[in-house]
1. I need the full set of residues from segment 279-294 which are among the hydroxyl-bearing types (Ser, Thr, Tyr) and within 11 Å of residue 265 (Cα to Cα), in order please.
2. Taking segment 270-307, which residues are of a type outside the set (S, T, N, Q), farther than 14 Å from residue 214 by Cα and more than 20 Å from the chain's Cα centre (by Cα)?
3. Could you grab me the full set of residues in segment 283-301 that are farther than 18 Å from residue 165 by Cα and either in contact (Cβ under 8 Å) with a residue 24 or more places away in the chain or surrounded by fewer than 13 Cβ atoms within 10 Å (Cβ to Cβ) (or both)?
4. Touching a residue at least 60 places away in the same chain (Cβ under 8 Å) and either outside any loop (DSSP other than H, G, I, E, B) or of a type in the set (Val, Ile, Thr) (or both): does that describe residue 174?
5. State all residues of segment 69-100 that are surrounded by fewer than 22 Cβ atoms within 10 Å (Cβ to Cβ), touching a Lys or Arg at 6+ places or on another chain (Cβ under 8 Å) and closer than 16 Å to residue 233 by Cα; if no residue qualifies, say none.
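What follows draws every value from the coordinates through simple rules; no lab data is involved. This is a predicted model, so every value here is computed, not measured. Cβ placement follows ideal geometry from the backbone for every residue including glycine, while neighbour counts extend to all protein chains displayed.
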Amino acid sequence: MTPQEQQAILTIALMAALADGDKADAERESIRGIAESLGGAGGAAGLARVYQDVLLRRVDVSAAVASLADADQRELAYEMAVCVCEADGARSAAEAAFLSDLKARLQPDAAASAAFEKTEAELVQAAAAAVAAPAGVATSAATADTATAGERRGPDSTALDKSILNYALLNGALELLPQSWASMAIIPLQVKMVYEIGKAHGVELDQGHIREFIAAVGVGLTSQYLEQFGRKLIGGLLGKAAGRTLGGVGRAATGMAFSFATTYALGQVAKRYYAGGRQMNTALLKQTFQDLLGPAKQMQQQYLPQIQQKASTLDAASVMAMVRGR
């Protein structure tokens, strides 16, 4: 894939990220920062300028689409746009209109896009169902031996730490996979992790509260998807599974599996927040997350062999089961 084609796909993803004019300033700033960081990652020169062009409506979607002649690239651009629009858990009318127009322009393979949309919808529904689990039931998607909240008198700190680490390992492994559905599963699993941490402390949470908490910590939902896809795209990691070896993907992704660190730091902040009776304000939540993120990135390097091993065991069915908590 040429740098121009990478830039065209990322331009479409940025358009999708900003299609909803109601996004908060903090999220827009996060998207801008990611555009700049991806622009410096190699192969996407001028992406910061593209962000400004998209924000000021100086770039035309038709020009970006015209740069993508390959059918797989068109399919990938559409998948990225769908995931970015769905990142916050709901597709607005503006986002739906954007995706409908984009699909008509890109004309992705009907069977492939239908299969992708089915998987995407199932992941969203599975995450919602997992968070809506009956009281007293808190199964872990990442480990089978973590006790439920109903089976212990109080939160077991060691067990929670183990569960958080397992979620981080799983999300790091998902980032090493080339398929689009892999990145789609990361945020639902983060939502489920926070739900289980809150439940362990006797707090019943719904998806809306959890997503607000994640945003308050400073983990932008839309920007997180954009960064996941952007880094995979620039690193040459996105594509069809056929003909790809996990070892090669893993070597190319060394140091890039930021979802491990994000998930681990998020879990530890949630543990402190709910253990402390939800007394931390937004500023303290963000500062605590940032303080934990650096050490978590160092841990990612330590656990890279385990992340790669876990990635070798994953497929769409197993990940879906984890999101559902089975």
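1. Initial filter on segment 279-294 (among the hydroxyl-bearing types (Ser, Thr, Tyr)): 282, 288.
Scanning segment 279-294 gives a single hit, 288.
2. Within segment 270-307, 275, 276, 277, 291, 295, 305 meet the criteria.
3. Filtering segment 283-301 for residues farther than 18 Å from residue 165 by Cα gives 283-287.
Hits for segment 283-301 are 283, 285, 286.
4. Values: touching a residue at least 60 places away in the same chain (Cβ under 8 Å): yes; either outside any loop (DSSP other than H, G, I, E, B) or of a type in the set (Val, Ile, Thr) (or both): yes.
In short, yes.
5. 72
Table: residues versus (1) over 15 Å from the mean Cα position of the chain (by Cα); (2) part of a helix (DSSP H, G or I); (3) in contact (Cβ under 8 Å) with a residue 24 or more places away in the chain.
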{"position": "170", "(1), (2), (3)": "no, yes, yes"}
{"position": "188", "(1), (2), (3)": "no, yes, yes"}
{"position": "197", "(1), (2), (3)": "yes, yes, yes"}
{"position": "205", "(1), (2), (3)": "yes, no, yes"}
{"position": "232", "(1), (2), (3)": "no, yes, yes"}
